[in-house]
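In what follows, a structure is listed as structure tokens, so that the remarks can point back to it.
The values are calculated or read from the model by the stated rules, or taken from the named source; none is laboratory data. None of these values were measured; they are calculated from a predicted model. Cβ sites come from the backbone with ideal geometry, for glycine too, and all protein chains shown count toward neighbours. Ligands, DNA and RNA are stripped out before the accessible areas are found, and what is left, the full protein with its side chains, is counted by its heavy atoms. Shrake-Rupley method; radii C 1.70, N 1.55, O 1.52, S 1.80 Å.
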Amino acid sequence: MRNRIRATLSAATVAAISVSGLALAGPAQAVSPDIVISEVYGGGGNSGATLRQDFIELYNAGSNEVSVDGWSVQYASSTGSTWQVTELAGVIPPGRSYLVGEGFGTGGTVDLPPPDATGTIAMSGSSGKVALVTDAMPLSCGATLGSCSAVPSVRDLVGYGTTASDSETMPTGVALTSITSASRDATGTDTDNNANDFTEDTPTPENCGEDCADVPPPGTEGLFIHDIQGATHTSPFDGEFVVNVPGIVTVVAANRFWMQDPAPDADPATSEGILVFTGAAPAVAVGDSIEVDGTVDEFGFGELTTTEIVGPTVTAADPRGSIAPTVIGPGGRVPPTVVIEDDQFTSFDPRTDGIDFYESLEGMLGQVNDAQVVGPTSGFGEIPVVTSGAGIRTPRGGIVIRPNDFNPERIILDDALIPAGTMPLADVRDTLPGATVGVQDYSFGNFKFLVTAAPTVADGGLQREVTQPATAAQLAIGSMNLENLAATSEPEKFAQLAAIVVGNMRSPDVIAVEEVQDNDGPTNSAITDASLTFETFIAAIAAAGGPTYDYRQIDPVDDQDGGQPGGNIRVGFLFRTDRGLDFVDRLGGDATTAVEVVEINGRTALSISPGRIEPNDPAWEDSRKPLAGEFTYRGQTVFIVANHFNSKGGDDPLFGATQPPVRSSENQRHQQADLVRSFADDLLASDPRARVAVTGDINDFQFSETMRILESTGSLTNLTSTLPVGDQYTFIFEGNSQALDHILLSPSLLEGRFGRPGFFYDIVHVNSEFADQASDHDPLVVRLGIQRCFGRNCASGSSQPA
């Protein structure tokens, strides 16, 4: 029998079934010919209650046995239309009751008879709505009288108490208490009028027991775990009832356990472990030798599935035993280091394909020795690690991606089996000395190593980087993702970001900032103004000992630029004017007016400054529009474009069911790259010596098609690719160090004197490697050597406010 709680999670995939010879479903607006809701009680465990638990009782008033496999009872508050679901299973013989136990309270002294189905719904003790539904899809009706009776899958409906917004004709009419239930008469009379059919009295829950249980089908005998798992991602016995599967319990969790065969076969491609889903606290202990009957099931939500045995019957066997964990890494099973999947699942290659390697360990007890941390502890309680022999490593201890290598050797340690909040905080370069033991699992598009105890962290001593300050003849341009900074953000966040600007970035002359929210942050109002956010950040920088910055930005149209709902994130410029830099203001820039390349007094210029690049183009739908600004420094004009391209949200996961992963978000970034590069092309067509810097969160890699488009005409060159491979990262995702933020320069800014480069570029690693982050991105700084202009043709700055 499938567990009710698990089935609630997957209700959208469950359909009502009809079995030959059994009664078929009919809607609630017709009097039910058989199964009705016979009693409802929501006072279990309340003050003054005798019973400890809420319940819903069903009754078969018909003459035929009825299967309720795939059906559900559902509950909504008296005026609500959001329904909680408890799935049913089994049969109800004629003239028999079927008891569904629901939520417990803290009071009461008497248990229900053993329920035939179990849920966790905390029902109202006075008024509410209960529906019997012939599938497990959550209802959305109930706000008005008759709305649920019009739903074909609703077999019976009870509005109990006095305030239920939906019922059959009328609610029962009397508010229940901790010592009263609403019940039909002994024959289950149903006139489709709750007020006539129900009376209020002492609760009398009645169960069915074994007579209502599904008769298990004849099972397949003689199978071992490795037979059930097979050398494949999907069990060859999926959906079959298996009996007497032997194993030793290795891990016990709240509603499931894992077991493993102590006598493995000789094929490393077939896992020797399996998850047994009980739905309630398992009556087993680690080391128990058992045999399990149950149904093989591939459980999952849209990605790869996990092979499980569900609806189990567990029989003890002798003697007790133990399972030695399988070492993952040197001295044991070594994961592939390059390929995740290269054959679209047409062959099973654990030796070469990472996705097959971890599948071959599914459900097995494993051990990682002296794990090396390659990403900080996440908010989900996960730590990505590798073992010795992984590559290519960063000088600071991470592991970088390459065009055809997304590092399948990464192991994601997960805290699902240990108390919440006990996974330690770890940074890149830390280690976990000794053995970290866990069980191999899969969830949310990734293989997870569920640790059985919180590991101990040895501090690797990683320090936040500090870049070099600009010299008197250098212009320093920075880029910084502020991760949803709003005027309402905590003062500690402003202080942390400001300290990075001053102490680590060394107060660049210009900072292109991304993810700046409006003044009321995620509050979904009509406010788009971000002046208070900018001014608070500028004040925090000054308080940290930095210069007083000015800023330029353009408010977006409300709710049109993506990001956190209500936040109206945008890009902007912070700039200092104490080192000879000026911003050239030209009026007319707003959310929908496009900036153009023009000539003013014989010099290449922007029509508006600041100005947005093609803000009405579909490429920027639900995405941040790039902001172009015109600056002057040492008599030279410098054009800077701040960007925040479309995010990677919606792309397939690396270890997902679609191989190779489809990166659907790329299409929009390709269009965005084409527009930004065309703008740079226009600047250089007007002045081949134009000084152009394109910077920001491009949300794509240095080897991506997005970057190829940006660099395709030679107008721009990405500086990330000029760094050593081990330093090419600004972001860490699931342990993969990767570059999403970039600075690109036009040819004149690349050139230096005497054959030397005209730039010094640094990715300042202060965030992505640390569990304590001011932002999830690392900032960038480029120092440009710009020669002073002499004569009448030099650019002059303007500080008139736009």
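Just a few scattered comments:
- Helix-only CD estimate at 222 nm, as mean residue ellipticity for the chain, using -39500 (n - 2.57) per DSSP H run (n ≥ 4): -2500 deg cm²/dmol
- Kirkwood analysis of region 645-709, using all unique Cα-Cα pairs, places the hydrodynamic radius at 13.4 Å.
- Less than 5 angstrom separates the built amide H of Gly119 from those of Gly101, Glu102, all sequence-distant by 5 or more or on a different chain.
- Distance between the modelled labels on Asp342 and Arg402, one decimal in nanometres: 1.2 nm (7 Å Cα→Cβ projection).
- Stretchable slack from Ala472 to Leu425, in nm (0.36 nm times residue separation minus alpha-carbon distance): 12.8 nm
- Percent of alpha-carbon pairs separated by more than 42 Å within the chain: 48 percent
- With q set to 0.15, 0.20 Å⁻¹, the log10 of I(q)/I(0) for region 296-413, from the Debye formula over equal scatterers at the Cα positions, is -0.83, -1.26.
- Inter-part distance, region 26-77 to region 407-483, computed on C-alpha centroids, equals 49 Å.
- Residues whose amide H lies under 5 Å from that of Asn736, counting only those 5 or more places away or on a different chain, are absent; hydrogens are built 1.01 Å from N in the peptide plane.
- Pairwise FRET efficiency - Thr120 versus Thr169, Cβ, R0 = 25 Å, nearest 0.05: 0.25
- Proximity of backbone amide H atoms, modeled 1.01 Å from N, is registered between Gly589 and Ser609 at under 5 Å, excluding neighbours fewer than 5 places apart on the same chain.
- Phi-based couplings in Hz for region 436-443 (Karplus 6.51, -1.76, 1.60; Gly and Pro marked x): 9, 9, x, 10, 7, 9, 9, 6
- Per-q log10 I(q)/I(0), region 543-618, q = 0.12, 0.16, 0.21, 0.23 Å⁻¹ (Debye; single scatterer per alpha-carbon; no solvent): -0.45, -0.74, -1.02, -1.10
- 3J(HN,Hα) from dihedral phi, region 351-361, Karplus parametrisation 6.51/-1.76/1.60, rounded to Hz, x for glycine, proline: 6, 10, 10, x, 5, 7, 4, 5, 4, 5, 10
- In the full protein context, region 165-268 carries 45 Å² of accessible surface per residue, based on a 1.4 Å probe and ignoring ligands, DNA and RNA.
- Only protein atoms count toward the accessible area here, which uses a 1.4 Å probe; on region 62-151, the carbon and sulfur part of that area reaches 53 percent.
- Kirkwood radius, region 675-742, all distinct C-alpha pairs, inverse of mean reciprocal distance: 12.9 Å.
- Here the 3J(HN,Hα) profile of region 310-325, calculated from phi with Karplus coefficients 6.51, -1.76 and 1.60 at θ = phi - 60°, is 10, x, x, 10, 10, 10, 6, 9, 10, x, 5, x, 8, 10, 6, x Hz, Gly and Pro shown as x.
- Whole-number Å³ per residue for the convex hull built on Cα positions in region 457-575: 121 Å³
- With protein chains left intact and a 1.4 Å probe, residues in region 421-546 average 37 Å² of accessible area per residue.
- Accessible area of region 513-653 belonging to carbon and sulfur atoms, whole % at 1.4 Å probe: 46 percent
- The packing ranking of peptides 593-604, 707-718, 328-339, 112-123, highest mean first, is 112-123, 707-718, 328-339, 593-604, where packing means the average number of other beta carbon atoms within 10 angstrom of each residue.
- Relative to one another, the C-alpha centroids of region 173-211 and region 217-241 are positioned 44 Å apart.
- Distance from region 297-312 to region 635-688 (C-alpha centre basis), Å: 39 Å
- Accessible area (Å², per residue) of region 316-417, counting only protein heavy atoms and a probe of 1.4 Å: 39 Å²
- Cα long-axis angle, helix 531-543 against the chain (0 to 90 degrees, to the nearest 10): 70 degrees
- Shape call, region 696-802: gyration tensor on alpha carbons, a/c limit 1.5: prolate
- Zone of Phe301's modelled label, taken as backbone nitrogen in region 335-368 under 20 Å from a point 7 Å along Cα→Cβ: 363
- Estimated translational D of region 518-578 in µm²/s (Stokes, Kirkwood radius over Cα pairs; 4 °C; 1.567 mPa s): 105 µm²/s
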